[in-house]
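Right, one structure below, let's go through it.
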Amino acid sequence: NNPEVAPVSENGKIHVEAKSTPTENGNLSETQDKDVVSEGLGIVSVYDQWIAPPISGTRPKARYEHGSAVIDDKMYIFGGNHNGRYLNDLQVLNLRSWSWSKVEVQAGLGGITTPCAGHSLIPWDGKLLSVAGHTKDPSETLQVKVFDPQALTWSTLKTYGKPPVSRGGQSVTLVGMTLVIFGGQDAKRSLLNDLHILDLETMTWDEMDS
């Protein structure tokens, strides 16, 4: 039987598109997309069903305000808030085998990083950058920690210039070799609307007029 497919309009042309979804027995079945929206040169597919893959391993405890990032075929989860308590564990989900495991962090020059929440986890040059975040004993200025997946160690990024005040819940985006940081809440939970950039080549902070 031929699968039902929905027509798709892309740049004025009509074609059809089907998707494959795994069934409970592991086989693939052809099903119809709920909707497909053409946007410029790309296609945005909208599906009507979420699929929970078969996860193995010990799952991390429930949390929020954690950081997550993907490097190659692994998704890392760091820190967060669990029932009002800050966490500093680093968990990894293998996206090929769908298995969870805890990363046994080694005591490097930076030691074991402080429990935090509301930070941002950014993949950069094969490493993870943990940017800002709320801690029990907050520092005056924002800190950037670096995790090396090969050495399994954390270290503190040495930067120059005037760093932003410490904060959590900020927005962080990597644009080329520049970290762009906006807003968040300071240690007293006052809202911020400042804009800062960190040049990852010179490791220098700059505040931008916003």
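Derivation of every value follows stated rules applied to the coordinates shown; laboratory data play no part. All figures in this text were calculated on a predicted structure; none of them were measured in a lab. Don't worry about glycine lacking a Cβ; one is built from the backbone with ideal geometry, like all the others, and counts go over all protein chains shown.
Could you please find all residues in region 170-210 being in contact with a Ser or Thr (Cβ under 9 Å, 6 or more places away or on another chain) and among the small types (Gly, Ala, Ser)?
Listed by number, the residues that qualify are Ser171, Gly183, Gly184, Ala187.
If I filter region 151-162 for residues that are assigned to a strand (DSSP E or B), of a type in the set (Gly, Ala, Ser) and over 18 Å from the mean Cα position of the chain (by Cα), do I get at least one hit? If you could, list the steps in order and put the result at the bottom.
Just the residues of region 151-162 that are assigned to a strand (DSSP E or B), to begin with: 153-156, 160.
So of that shortlist, the ones also of a type in the set (Gly, Ala, Ser) come out as 155.
Then drop every residue that is not over 18 Å from the mean Cα position of the chain (by Cα), which leaves 155.
Yes, some residue in region 151-162 is assigned to a strand (DSSP E or B), of a type in the set (Gly, Ala, Ser) and over 18 Å from the mean Cα position of the chain (by Cα).
Given the conditions (1) closer than 15 Å to Pro149 by Cβ; (2) in contact (Cβ under 8 Å) with a residue 40 or more places away in the chain, report the number of the one that Gly118 does not fulfil.
(1)
Any residue at all in region 85-92 that is part of a loop (DSSP other than H, G, I, E, B), among the acidic types (Asp, Glu) and either touching a residue at least 12 places away in the same chain (Cβ under 8 Å) or closer than 22 Å to Leu142 by Cβ (or both)?
no
Name the single residue, out of those in region 49-81 being at positive phi and without any contact (Cβ under 8 Å) to a residue 60 or more places away in the chain, that is surrounded by the fewest Cβ atoms within 10 Å (Cβ to Cβ).
If we take residues in region 49-81 being at positive phi and without any contact (Cβ under 8 Å) to a residue 60 or more places away in the chain, then Asp72 is surrounded by the fewest Cβ atoms within 10 Å (Cβ to Cβ).
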